[in-house]
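Reviewing the structure listed below.
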Amino acid sequence: MEDLIKKAAKDLAASKDVVALTGAGISVESKIPPFRGKGGLWEKIDPMEYAHIDAFNKNPTKVWNVLLKDMKEIIDKAIPNDAHKGLARLEELGILKTIITQNIDGLHQMAGNTDVIEFHGTYAWHRCMDCKNRCKSSRIDLTNIPPLCDCGGIYRPEVVFFGEIIPPEHLWRSRQLASDCDLMLVIGTSATVQPAALMPHIAKESGSKVIEINPEETPLTESISDYLILGKAGEVMSSIITELERLL
Ligand code: APR
């Protein structure tokens, strides 16, 4: 792995326009479980039964009780780990422009990155299903489930449930960034959910270098990634930043 760390540091130092695509794996070391693989949430509960918009509309109390309540408690306690901090450092160094994240935990912004596309929305805000009033997550009171707006309507997090569309402005801008970047860092994603998983393909087709960081191979590894650095995002990112600062 040592020489791949050195290679990644050199590639990043030579790049002018780096974009990162991140997934749940980058927040695992912040104690937020991933969805798939070891300890994955979808190994325990069926996403179609609890994370689909039709399921939420049919029984919001059930979805709040089984999925959303615990998720809020985990996210409220989470803090950025070395991987998030490494990406914030890359922005400070003028190397990383934008993060396209599939995560809803807000940890990239908390670590200091200023241009983050929240491809699957965010848990930071909730919206009343009736009057559309928006409420910060920290002000959502979970003593009663489901949480209700003053108008009596039910609150839902501003995340993209299965069965909902990606906000068009996020999709369009992400495609643009993927085709314009000269290097895409793909960190902690199983690359199985579309259209997010399309971004590395677009980057590759536009001639960008694609570097993956993941403890295991993904569908990108074979034909899209230039190389995969096998390891945990926190450890790998801090080693890359150490090497990069030596070069600069
Ligand atoms: N460091 C880096 N990667 C890790 C780590 C770690 N410490 N631990 C696990 N991983 C990797 C796993 O090997 C896997 O490839 O992170 C990935 C997590 O995959 P998923 O749980 O599928 O997360 P993600 O790819 O973000 O899922 C995409 O699916 O359910 C929807 O909306 C949800 O945004 C999510 C989307």
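The values are calculated or read from the model by the stated rules, or taken from the named source; none is laboratory data. Model, not experiment: these values are computed from the prediction. Cβ placement follows ideal geometry from the backbone for every residue including glycine, while neighbour counts extend to all protein chains displayed.
Before moving on, here are some points about what is shown:
- Filtering the stretch 57-73 for residues that are buried (at least 21 other Cβ atoms within 10 Å of the Cβ) and in a loop (DSSP other than H, G, I, E, B) leaves an empty set.
- Some residue of the stretch 47-56 being assigned to a helix (DSSP H, G or I), under 21 Å from residue 157 (Cα atoms) and among the charged types (D, E, K, R): yes
- Every condition in (1) in contact with a His (Cβ under 9 Å, 6 or more places away or on another chain); (2) without any contact (Cβ under 8 Å) to a residue 12 or more places away in the chain is met by residue 117 except one, and the failing one is (2).
- Flag if residue 83 is assigned to a strand (DSSP E or B) and modelled with pLDDT of 95 or more: no
- Selected residue [at pLDDT 95 or above and either under 20 Å from residue 86 (Cβ atoms) or outside any loop (DSSP other than H, G, I, E, B) (or both)] from 245, 222, 217: 245
- The number of residues in the stretch 183-201 being within 15 Å of residue 98 (Cβ to Cβ) and out of contact with any Lys or Arg (no Cβ under 6 Å at 6 or more places or on another chain) comes to 7.
- The listed residue being over 17 Å from the mean Cα position of the chain (by Cα), assigned by TED's automatic domain parsing to the domain that holds residue 12 and not aromatic (Phe, Trp, Tyr), out of 177, 93, 142: 93
- Tally, over the stretch 16-51, of residues that are free of Cβ contacts under 8 Å to residues at least 40 places away in the same chain, more than 20 Å from residue 77 (Cβ to Cβ) and basic (Lys, Arg): 1
- Considering (1) closer than 20 Å to residue 53 by Cβ; (2) buried (at least 20 other Cβ atoms within 10 Å of the Cβ); (3) touching a Phe, Trp or Tyr at 6+ places or on another chain (Cβ under 7 Å), the lone condition that residue 155 does not fulfil carries the number (3).
- When the stretch 4-16 is filtered for residues that are surrounded by fewer than 18 Cβ atoms within 10 Å (Cβ to Cβ) and either within 13 Å of the chain's Cα centre (by Cα) or modelled with pLDDT of 95 or more (or both), the ones remaining, listed by number, are 6, 7, 10, 13, 14.
- When the stretch 122-137 is limited to residues that are under 14 Å from residue 68 (Cα atoms) and in contact (Cβ under 8 Å) with a residue 40 or more places away in the chain, the one that is surrounded by the fewest Cβ atoms within 10 Å (Cβ to Cβ) turns out to be 137.
- Of all the listed residues (72, 62), the sole one being more than 10 Å from the ligand (Cβ to nearest atom), within 27 Å of residue 113 (Cβ to Cβ) and not assigned by TED's automatic domain parsing to the domain that holds residue 231 is 72.
- In the stretch 196-212, the residues that are on the phi > 0 side of the Ramachandran plot never reach a residue that is surrounded by fewer than 18 Cβ atoms within 10 Å (Cβ to Cβ) and part of a helix (DSSP H, G or I) with C-beta atoms less than 9 angstrom apart, at least six apart or across chains.
- Counting residues in the stretch 172-185 that are within 14 Å of the ligand (Cβ to nearest atom), of a type outside the set (Ser, Thr, Tyr) and not in a strand (DSSP E or B) gives zero.
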